[in-house]
Amino acid sequence: MVVIDATGRPPMASGAVPRPLRSRNPLDHGVPTGREEAWRFTPLRRLRGLLAGPDADGKVSVTVSAPAGVAVEQLDAADPRIGRVLTPADRVAAFAMARAGGATAVTIPAEAALAEPVIVHLHGESPRTAAGAAAGVAYGHLSIEVGPFASATVVLDHTGSATYAGNVEVYVGHGASLTFVSLQDWDAGAVHVGAHAYSIGRDAKLRSFTVTLGGDLVRLNPTVEYRGPGGDAELNGVFFTDAGQHQEHRLLVTHTPRSCRSRVTYKGALRGDAAHSVWIGDVLIEADALDTDTYELNRNLVLTDGARADSVPNLEILTGEIVGAGHASATGRFDDEALFYLQSRGIPPAEARRLVVHGFFAEVIDRIQVVEVRDRIMATVAGRLGETPADDSAEALAGAGPAGA
Amino acid sequence: MTAAVSTLEIRNLHVSVETEEGPREILRGVDLTVRKGETHAIMGPNGSGKSTLSYSIAGHPKYTVTGGSITLDGEDVLAMGVDARARAGIFLAMQYPVEIPGVSVSNFLRSSATAVRGEAPKLRTWVKEVKASMEALEMDPAFAERGVNEGFSGGEKKRHEILQMALLKPKIAVLDETDSGLDVDALRIVSGGIEAVRAKGETGILLITHYTRILRYIKPEFVHVMAAGRIVDEGGPELAAVLEDSGYDRYVKAGGATAPAGAGAGAVS
Ligand SMILES: Nc1ncnc2c1ncn2[C@@H]1O[C@H](COP(=O)(O)OP(=O)(O)OP(=O)(O)O)[C@@H](O)[C@H]1O
Ligand SMILES: [Mg+2]
């Protein structure tokens, strides 16, 4: 039987966005029981003890490849850049900050215009043992700073296996523009819990893509704050949740200064027994955030019975003077009429399904300008659907015609 | 050497749909034969079963065939899946074409041409072919980059259906109210597209319509009147003229229980 939760469920009537306690001290955060709003969807047992902050006994290696001019450093634990953007809102993030023993910092200088992306490859080197023991525990911290008026693309690529608690702080300078991709392409046994905190400068632009494909359990908590007016944050997400996987994305966008914009677009496909996705979209528009423009959307496509998608948008507005604020959430099955239409044109059922899923994700994935990353995601999705990618003659046609719209 | 015939034969077709009150019979014994090169019009009031007939030919899973047969050149169409029917040469231009977000028209057209033709068309000739067909239907090339039917107007959707027919070159094309929702210009363009396929003489056309105005552009050799799930009258093009004047009242009143004499309208059945 299919359980589809929160299909078009209206937001909480009064729209109270939770204000979690924020502290770097793990012991300030209570041990969740699973009944808390922030934890009620997460299978705590599958966190493999991360809530207790065990000593690291595994390894996630960090390799950075960056164009000339980009500084890559190792910060020690006392460096003031650690914690500048992120103050942990839960035990796992606090333990990760305390236990990571410093951070890897990537700094893009002011006014730099990077032609090539910065690639940060995090590889879990602690697979589950043959005896069935859990993947080794590892902690990590990344600090990314984009100088004023710089423009850059940074790709975070998570592969391999580990039980990983990793935080990411992203500081976008005034007038800067950052495309940020976090790809969770873990092996099957991995557990990944992470706080991704973004701070957007005045007139700065963030375009982020959070793509979760692999792992046993992935729970990410992207948060956005603005340091001045004119900030623009586009948070895109894609997840493909297969049998037994738990993939949870909990977003919080806080509009404090005036005239900032946020767009949240997450799309997920779920397939197989006990595939479980959770999407929480909290947007808080504070009293001084006049002229705010925000919209958030989560769409889920449930491909088979036995999968479950939870989707909870939540908007709290404390000022009346806004440009727009809205949200939408919908979870549905394959559109049978679309499948019929494709098949009535001779396309076999399996390919028809693949086209529909491809089309469903295309809206988000096609925005990723990093071709290798985009192709890899599409290939992974196509592979999961058991088909080869479509032969696409779109470009040839566009090139042949006068209109390239 | 004998030319391929391409004959669609529908015999005593009974079709039901599942409703909340249980199965409901909609087609109650339809007989129809369409051969390559022929053009048939099926006319009838709202709800008489015209779309049900077209979906049943195409194999829509919502419609259950409870009796009778459909064959194409003797092959049992009812035993084929939806995609296999299309590959066998059956095409349905839908009354309400479906939107498929994110799947570009160009990708869709190429996927379907590859499936129907059995091999991927050569890219260069394919691009030319698509461009020429789109031009004939006065479609902006930019449509190729849009999602299938996504945000298309009613008229644009219908042009897109006829574009597909032109590219897939079916043996039998069922056009379900392709004329509805078209303004005068669009009707002329779409009719021109249908006429071009018809003129090649390789396709049998079953033109389903509610109105006679498309018949000014496309002259059917045979006109069938459907009411309450049956073909209740048949004739030549002159039957359409009678319907234009008198409408469907007498068929509706008869409820399809008994077929009014087609002879009165000069029918040849
Ligand atoms: N899926 C369905 N469930 C219930 N009833 C249906 C279904 N499909 C068709 N019907 C009913 O069957 C009858 C015939 O419908 P159909 O769409 O075939 O008519 P039509 O002749 O195409 O009408 P129109 O001229 O309005 O397009 C109608 O009474 C309709 O309500
Ligand atoms: Mg109809």
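The values are calculated or read from the model by the stated rules, or taken from the named source; none is laboratory data. Because the structure is predicted, anything quoted here is derived from the model rather than measured. Here the Cβ is made from the backbone with ideal geometry for all residues, glycine too, and neighbour counts use every protein chain on show. Areas reflect the complete protein model, heavy atoms only, side chains present, ligands, DNA and RNA absent. Shrake-Rupley method; radii C 1.70, N 1.55, O 1.52, S 1.80 Å.
Structural remarks
- A:Ser329 meets all of the listed conditions (1) surrounded by fewer than 16 Cβ atoms within 10 Å (Cβ to Cβ); (2) within 30 Å of A:Glu316 (Cβ to Cβ) but one, namely (1).
Okay, residues lined up against (1) touching a Phe, Trp or Tyr at 6+ places or on another chain (Cβ under 8 Å); (2) buried (at least 19 other Cβ atoms within 10 Å of the Cβ):
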| residue | (1), (2) |
| --- | --- |
| A:Arg84 | yes, no |
| A:Ala89 | no, yes |
| A:Ala93 | no, yes |
| A:Ala96 | yes, yes |
| A:Thr104 | no, yes |
| A:Thr107 | no, yes |
| A:Ala115 | no, no |
| A:Val118 | no, yes |
| A:Arg128 | no, no |
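- The lone exception for B:Leu27 - which of (1) within 15 Å of the chain's Cα centre (by Cα); (2) within 11 Å of ligand 1 (Cβ to nearest atom); (3) among the aliphatic types (A, V, I, L, M) it fails: (1)
- Put simply, of B:Val174, B:Val225 the only residue that is within 16 Å of ligand 1 (Cβ to nearest atom), touching a residue at least 24 places away in the same chain (Cβ under 8 Å), buried (at least 19 other Cβ atoms within 10 Å of the Cβ) and within 14 Å of chain A (Cβ to nearest Cβ) is B:Val174.
- For the stretch B:31-79, a residue qualifies if it is hydrophobic (A, V, I, L, M, F, W, C), away from ligand 1 (no atom under 14 Å from the Cβ) and closer than 19 Å to B:Ala93 by Cβ, and the qualifying residues are B:Leu32, B:Val34, B:Ile70, B:Leu72, B:Val77.
- Looking across the stretch A:194-218, the residues that are basic (Lys, Arg) and part of a strand (DSSP E or B) come down to A:Lys205, A:Arg207.
- The residue pairs whose first member lies in the stretch B:42-61 and is modelled with pLDDT of 95 or more, whose second member is within 6 Å of ligand 1 (Cβ to nearest atom) and among the small types (Gly, Ala, Ser), and whose beta carbons are closer than 6 Å, counting only pairs six or more residues apart or on different chains, are B:Lys50/B:Gly44.
- Some residue of the stretch B:76-91 being within 26 Å of B:Tyr251 (Cβ to Cβ), open to solvent by 30 Å² or more (accessible area, probe 1.4 Å) and away from ligand 2 (no atom under 14 Å from the Cβ): no
- Unique match (being among the aliphatic types (A, V, I, L, M), in contact (Cβ under 8 Å) with a residue 60 or more places away in the chain, on the phi < 0 side of the Ramachandran plot and more than 10 Å from chain A (Cβ to nearest Cβ)) among B:Leu92, B:Leu72: B:Leu72
- Exactly one residue among B:Asp185, B:Asp140 is more than 14 Å from chain A (Cβ to nearest Cβ) and surrounded by fewer than 19 Cβ atoms within 10 Å (Cβ to Cβ), and that residue is B:Asp185.
- The stretch B:131-159: number of residues that are under 21 Å from the mean Cα position of the chain (by Cα) and outside any loop (DSSP other than H, G, I, E, B): 10
- Residue pairs whose Cβ atoms lie under 7 Å apart, sitting 6 or more positions apart in sequence or on different chains, and linking a residue in the stretch A:316-344 that is within 14 Å of chain B (Cβ to nearest Cβ) to a partner that is polar (S, T, N, Q), are A:Ala330/A:Thr7.
- Hey, B:Val105 of a type in the set (A, V, I, L, M), at the interface with another protein chain (Cβ under 10 Å from one of its Cβ atoms) and on the phi < 0 side of the Ramachandran plot or not: yes
- Residue match in the stretch A:265-276 (condition: open to solvent by less than 50 Å² (accessible area, probe 1.4 Å), part of a loop (DSSP other than H, G, I, E, B) and at pLDDT 95 or above): yes
- Failed criterion for A:Gly383 (all others in (1) of a type in the set (Gly, Ala, Ser); (2) open to solvent by 10 Å² or more (accessible area, probe 1.4 Å); (3) closer than 26 Å to A:Ala115 by Cα hold): (3)
- Some residue of the stretch B:205-213 being within 16 Å of ligand 1 (Cβ to nearest atom), open to solvent by 10 Å² or more (accessible area, probe 1.4 Å), of a type outside the set (S, T, N, Q) and not in a loop (DSSP other than H, G, I, E, B): yes
- A:Arg227 meets all of the listed conditions (1) more than 28 Å from A:Ala176 (Cβ to Cβ); (2) open to solvent by 10 Å² or more (accessible area, probe 1.4 Å) but one, namely (1).
- Count of the stretch A:157-198 residues, restricted to those that are surrounded by fewer than 22 Cβ atoms within 10 Å (Cβ to Cβ), closer than 24 Å to A:Ile82 by Cβ and out of contact with any Ser or Thr (no Cβ under 7 Å at 6 or more places or on another chain), is 2.
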